[in-house]
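Peer 1: A single structure is presented below for examination.
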Amino acid sequence: MNPMSTGTSILSSSYLVGQFLVSMPAMADPRFENTVIYMCHHASDGAMGLVVNRCIEDLAFRDILAQLDIKPGRSCDDIRVHRGGPVETSRGFVLHTTDYKREGTLVVSSDIALSATTEVLRAIAGGEGPSRSLMALGYAGWGEGQLDEEIKQNAWLSVPADLDLLFADDLGSKWVRALGKLGINPAMLSASAGHA
């Protein structure tokens, strides 16, 4: 599945698009332990999302701009680069508010869009980008039916997304806060699936 091949819009009736996917204690893959993923695509051919609560500690947004010969503005110092997932880890994505839309911008929900062009990076560096954004390298991807099976195995829980949690600076609390949106205390969760 190519997550960027769906045209100019990926608005979908799929139930996970535009929501958070929150890992459960039963998560077998350590790369996704205590992660919150914003879902950008979920259809019969697979699913794609970006991890929004893990940063790459040794890489700054300014470093990426320097590699692309883009002059950074003052506000670039505060932008962290997220580890979006284990697929195509050198590929960059910007998850952002829909006040910025250009050719190549994919609308995910009424208030969130996804851009994977150098144009959005230039706009952010020049202070003309979206009002809120999140830079990520790589993405989380699932093949046909794979995510649905993982949900059945108690690996993931879907949670309504909101802008404040999505763009929050406190990455360490995002997982707990996402579960809290459903009234769930992480300490009460079991690591084993409870199928009836």
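We did not get these values from a lab; they are worked out from the coordinates using the rules stated. It should be emphasised that the depicted structure is a prediction, and the values quoted were computed from it without experimental measurement. When we count neighbours, we look across all protein chains shown, and the Cβ atoms used for this are built from the backbone with ideal geometry, even at glycine.
Peer 1: Amide H of Gly46 versus every other amide H placed in the peptide plane: which residues, excluding those fewer than 5 positions away on the same chain, fall under 5 Å?
Peer 2: Gly145
Peer 1: Based on alpha-carbon atoms only, what is the radius of gyration of region 62-122 relative to the globular estimate 2.2 N^0.38 Å? Provide the component values of the computation, followed by the final result.
Peer 2: Values: Rg = 12.2 Å, N = 61, 2.2 N^0.38 = 10.5 Å.
Its radius of gyration relative to the 2.2 N^0.38 Å reference: 1.16.
Peer 1: Moving to a separate point now. Before rounding to the nearest 500, sum -39500 (n - 2.57) across all DSSP H runs of length at least 4 in the chain and divide by the residue total; then give [θ] at 222 nm in deg cm²/dmol.
Peer 2: -4000 deg cm²/dmol
Peer 1: Okay, moving on. Give me a comma-separated list of calculated 3J(HN,Hα) values for region 108-119, in order, Karplus coefficients 6.51, -1.76, 1.60 applied at θ = phi - 60°, integers in Hz, x for any Gly or Pro.
Peer 2: 9, 9, 5, 10, 10, 9, 10, 10, 9, 10, 6, 4
Peer 1: Oh, and also: Give me the lysines in straight-line cross-link reach of Lys71: C-alpha distance below 24 Å, same-chain residues under 8 apart excluded.
Peer 2: Filter leaves Lys101.
Peer 1: Could you sort 45-53, 117-125 so that the peptide with the highest average Cβ count within 10 Å comes first and the rest follow in order?
Peer 2: Ranking the peptides 45-53, 117-125 by packing returns 45-53, 117-125.
Peer 1: Across region 14-96, what fraction of all alpha-carbon pairs, as a whole percent, falls in each successive 10 Å bin from zero upward?
Peer 2: 15, 42, 29, 12, 1
Peer 1: Also: So how far apart, in nm, are the two label points at Glu119 and Lys152 if each is 7 Å from Cα heading toward Cβ?
Peer 2: 4.2
Peer 1: Rule-of-thumb check for region 19-178: C-alpha Rg over 2.2 N^0.38 Å?
Peer 2: Expressed relative to 2.2 N^0.38 Å, the Cα Rg reads 1.01.
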